[in-house]
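The values are calculated or read from the model by the stated rules, or taken from the named source; none is laboratory data. Model, not experiment: these values are computed from the prediction. Virtual Cβ from ideal backbone geometry, glycine too; neighbours counted across all protein chains shown. The area values use the complete protein model at the heavy-atom level, side chains included, leaving out ligands, DNA and RNA. Shrake-Rupley method; radii C 1.70, N 1.55, O 1.52, S 1.80 Å.
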Amino acid sequence: MALIIKPDLEHLRSWRDVVGDALPDLECRDWDKPGDPESIEYAFVWAPPPGALRTFANLKCIFSIGAGVDHLLKDPDLPDGVPIVRMVEPELTQGMIEYVTMHVLRFHREGPALEAQQRDRVWHELITPTAPSRRVGFLGFGVLAQASAKILSALGFDLACWSRTPKNMEGVASFHGSDELAAFLARTEILVCLLPLTPATVGILNAELFAELPHGACLINAGRGGHQIEDDILDALASGQLAGATLDVFQTEPLPAESPFWTHPKVTITPHIASVTQQKSAIEQVAMNIRRIEAGEVPLNVVDRALGY
Ligand code: GLV
């Protein structure tokens, strides 16, 4: 039984060690030295080259190193019938809770304006309302968004979510489907995008959507760069329709040096680190699922290929 692994090269050695500890019966092979492809039964990968996974004829499961699986599903030659498991692990969830909470609070408490005042040596008492009068909306309400909403709810924020199907969380108003998107946006002062990137959500953060938000709303995108039309973000910031944007993801990553976002006074950039899969807890999830599969059970957190998440 062998697992092939394709993390970033700089992390390869430590991933191998962690896999070895958690799954001693499993032979862990490097992507560049797969050995006999027929002996590979599991793949644990981030962005494998298109067509590559098809060369492993006996693959039983493909594990995504990240929560998103768009890096896998864009491969037109993905082997049929092999389950794809997205990463759901507590440390990744915790990281996103921290990121979302930090940036929602920063916008809520007028962080950008206060930072600008400090730069200009301005002493002006900017008084902000408290959380119950701040309306935060989640675009996408999967594991990461729900966990973040729980914490924001405990802080008292007025919360809503928009997703494909209705969601049922106490204290979070649920909107779903294209018919309810406008109503969701109309009540959202801080918009947090945690959607999966699918054909239905690509480019969703565009001028039309921004126009439905209250004037001066803020955007936090910790989903994918493919969700955002970057020129539309710049236009919405210029008109004041968006007061600020915190962007963890971009159409092109790393963000090119010439991007206007780098120096934009209303934009905060983070380099796709909103939340990162942690090795030990990730491998525990992979090991749990491999044990399930070997016992003839269905793995958890399997992606619906048709829906794209
Ligand atoms: C990161 O982007 C992930 O999908 O986990």
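Below, the figures for the structure above:
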| item | result |
| --- | --- |
| Filtered residues of segment 19-57 (kept if away from the ligand (no atom under 16 Å from the Cβ), aromatic (Phe, Trp, Tyr) and assigned to a loop (DSSP other than H, G, I, E, B)) | Trp31, Phe56 |
| Total residues in segment 130-155, condition basic (Lys, Arg) and within 20 Å of Met87 (Cβ to Cβ) | 1 |
| First in segment 25-49 and touching a residue at least 40 places away in the same chain (Cβ under 8 Å) and farther than 18 Å from Arg291 by Cα, second anywhere and part of a strand (DSSP E or B) and open to solvent by less than 30 Å² (accessible area, probe 1.4 Å), Cβ under 8 Å, 6 or more apart | Val45/Ile4; Val45/Ile5; Val45/Ile62; Val45/Phe63; Val45/Ser64; Trp46/Ser64 |
| All positions within segment 58-83 that are assigned to a loop (DSSP other than H, G, I, E, B), among the hydrophobic types (A, V, I, L, M, F, W, C) and away from the ligand (no atom under 16 Å from the Cβ) | Leu59, Leu78, Val82 |
| Selected residue [surrounded by fewer than 21 Cβ atoms within 10 Å (Cβ to Cβ) and over 26 Å from the mean Cα position of the chain (by Cα)] from Gly20, Gly51, Gly66 | Gly20 |
| Any hit, segment 251-273, residues being closer than 22 Å to Phe184 by Cβ, modelled with pLDDT of 95 or more and within 15 Å of the chain's Cα centre (by Cα) | no |
| Condition broken by Glu98, with the remaining ones in (1) crowded, with 18+ Cβ neighbours inside 10 Å; (2) within 16 Å of the ligand (Cβ to nearest atom) satisfied | (1) |
| Residue in segment 232-246 that is among the charged types (D, E, K, R), outside the structural domain of Leu12 (by TED's automatic domain parsing), within 16 Å of the ligand (Cβ to nearest atom) and out of contact with any Lys or Arg (no Cβ under 8 Å at 6 or more places or on another chain) present | no |
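Every residue, every condition in (1) part of a strand (DSSP E or B); (2) touching a Leu at 6+ places or on another chain (Cβ under 7 Å), yes or no:
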| position | (1), (2) |
| --- | --- |
| Glu125 | no, no |
| Val136 | yes, yes |
| Leu144 | no, yes |
| Ser148 | no, no |
| Asp179 | no, no |
| Leu185 | no, yes |
| Pro199 | no, no |
